[in-house]
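The values are calculated or read from the model by the stated rules, or taken from the named source; none is laboratory data. Fair warning: this is a prediction, and the values are worked out from it, not measured in the lab. Quick reminder, even Gly has a Cβ in these numbers, built from the backbone with ideal geometry, and neighbours come from all protein chains shown.
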C-alpha cells in the first residue's frame, strides 16, 4: 500500500518517458488550479461578493497558472520551478488572509507533489540531454554540416534558399560545440536535426555579435575627440 502511494505521489523517474509524464502531470495540475481559481474569481465578480475568500483579483493568478501549465507541458524546467514557487506563495498568502479556510491545506498537500515531480522530470531531461550531447570536434562538425550547406546553397527551391544554413568559420564551430558541452542547447527542439539546431544557434549568435558591435561603434562615435 505504501509503495503504491509512493509511486502515485512520488513516482520513480528512470527514463525520458517517466520524466515527460511527470512534467505533463504537473502541467495538468497547474491547469486545474488555473481553471478553479479563474472560476471562483469570475463568480466573485459576477455576484459582487467574496467567494471562498476571492474578490476577483485572483484572475491574475489564474492567468499566471495557465501560462505555467502551457510552458511546463512544453517541458520547460524553469517554468516548472516558477510554478512551484508561485503556487506556494499564492497558497501561503491565501491561508494568512483567510486562516479559517483550513480545507486549503489538504488541497495544497494533494497538489504540491505534482509540481515537485514536474521539477524532478525536468531535471532528469536536462541531465539526459547534457549527457547525450555529442562530443565531436569542430572538424567533425564541419564535415557533417558542409554537405548540407552545399546542397542548400545550390538548391533552386525558394523555401530551401530561405532557410539555408549560413557559412561559418572555425571560431563559430568551436563556440557552438562548447555550448553543447555545457548543455546550453536552447535551440534543440523536437524533430530538429543537428544542422537545424546549428543554423538556429548561428543566426542568434551572429545577431548578438552584430548588436554588440553596433553598440561599440555608437559608443565610440559619441566619445568626445
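Miscellaneous remarks
- The number of residues in the stretch 9-31 being modelled with pLDDT under 85, out of contact with any helix residue (DSSP H, G or I) (no Cβ under 6 Å at 6 or more places or on another chain) and closer than 15 Å to residue 113 by Cβ comes to 4.
- Number of residues in the stretch 15-31 that are without any contact (Cβ under 8 Å) to a residue 60 or more places away in the chain and in a helix (DSSP H, G or I) equals 3.
- Qualifying residue in the stretch 65-74 (condition: exposed (fewer than 14 other Cβ atoms within 10 Å of the Cβ) and modelled with pLDDT under 80): no
- Residues in the stretch 87-113 that are over 26 Å from the mean Cα position of the chain (by Cα), surrounded by 14 or more Cβ atoms within 10 Å (Cβ to Cβ) and farther than 14 Å from residue 36 by Cβ were compared, and the one that is modelled with the lowest pLDDT is 98.
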